[in-house]
């Protein structure tokens, strides 16, 4: 049996209430030795060296069978970079067709057919691909981590160290930008998110000051604006139910690197550092480690007056700064709800300098940041 025959041998049926084909067969695939074409190999080589023009031209030349498998075999980071660079080539290739294939690969679902994809059998190609590889490409929207913005300016050594510690926890790299589905959608150096309402504020400020959200989200701009106008809990539910982090992760990664958005991140971080420094001094903490602890708690969970008073009560009578920081780490975890265990590990790591966090037990902040126990300057 040749490839053309077995690719399309499974019959498809359509339900009255659905525009999508519903597979009603038991799949059996005969043995077939697939050899990638020279066009696919050229596409993969172009992606490796970030030659996006060549990558898109070669990808456009693949049939749907090869296009789906070529995209699926890319590492997640490369696939996201490919998609993030698409705007320069919109007029050179059939981008809606490529977008259809990418959506199938990422979600393992059949999108609404476009153009002649149904008539030419490409929707059936996609259905066959899903049936053969039902596993979703990745169970989490958790991408990025690269440094998209330069480190914020206007911070002294102590403040910069505190920021390095927190951004490393959040992104696996100092000053990185990660996009994830935690709290609906989280993104950026310190993971502004929908649950806390901090991401909504950042996006609204960006739109009010630049009017350029549409440059990134295009036809989805109104959907994004509706999302950030919702109450926080509703925004989280909508983003989660519609998998908006997956849908928009490349757009958010591009936004992370925009100079105007970087400026807004810097301004927000500077304000958080200023507040953290005040609380640090009120609690009688005197070291960069103390500031790092308070900045991490303030950024991750917030410090309301009642929590600040609870910290004050816990450290009464303690003599050394490390004893105080261990107590604060434990008290902060009590306020962290479902994140209590994760927060306790993280803040104990700051307090003690070494330990386990997120499955890794080789953390050594004392070695990586030897100034942690230096005194804060007045």
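Only the coordinates and a few stated rules stand behind these numbers; no lab work does. Given the structure is predicted, the values throughout are model-derived calculations rather than measurements. Heads up, the Cβs are rebuilt from the backbone with ideal geometry, glycines too, and the neighbour counts pull from every protein chain shown.
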Practice task
State whether one or more residues within segment 193-216 are within 14 Å of the chain's Cα centre (by Cα) and touching a residue at least 24 places away in the same chain (Cβ under 8 Å).
Solution key: yes
Problem - Breaking point among (1) farther than 14 Å from residue 283 by Cβ; (2) surrounded by 18 or more Cβ atoms within 10 Å (Cβ to Cβ); (3) in contact with a helix residue (DSSP H, G or I) (Cβ under 6 Å, 6 or more places away or on another chain), for residue 326 - result: (1)
Exercise for the section: Could you grab me the full set of residues in segment 147-168 that are touching a residue at least 40 places away in the same chain (Cβ under 8 Å), part of a helix (DSSP H, G or I) and either in contact with a helix residue (DSSP H, G or I) (Cβ under 6 Å, 6 or more places away or on another chain) or over 13 Å from residue 300 (Cα atoms) (or both)? Expected result: 157, 158, 159, 161, 162, 164, 165, 166
Fill in the blank from the handout: Sole miss for residue 345 among (1) under 21 Å from residue 193 (Cβ atoms); (2) in contact with a helix residue (DSSP H, G or I) (Cβ under 8 Å, 6 or more places away or on another chain) is condition (2)
Handout entry: Considering residues of segment 181-208 that are out of contact with any helix residue (DSSP H, G or I) (no Cβ under 7 Å at 6 or more places or on another chain) and over 14 Å from residue 299 (Cα atoms) only, the residue surrounded by the fewest Cβ atoms within 10 Å (Cβ to Cβ)
Key = 208
Practice task
Could you check how many residues of segment 75-110 are assigned to a loop (DSSP other than H, G, I, E, B) and closer than 19 Å to residue 245 by Cα?
Solution key: 5
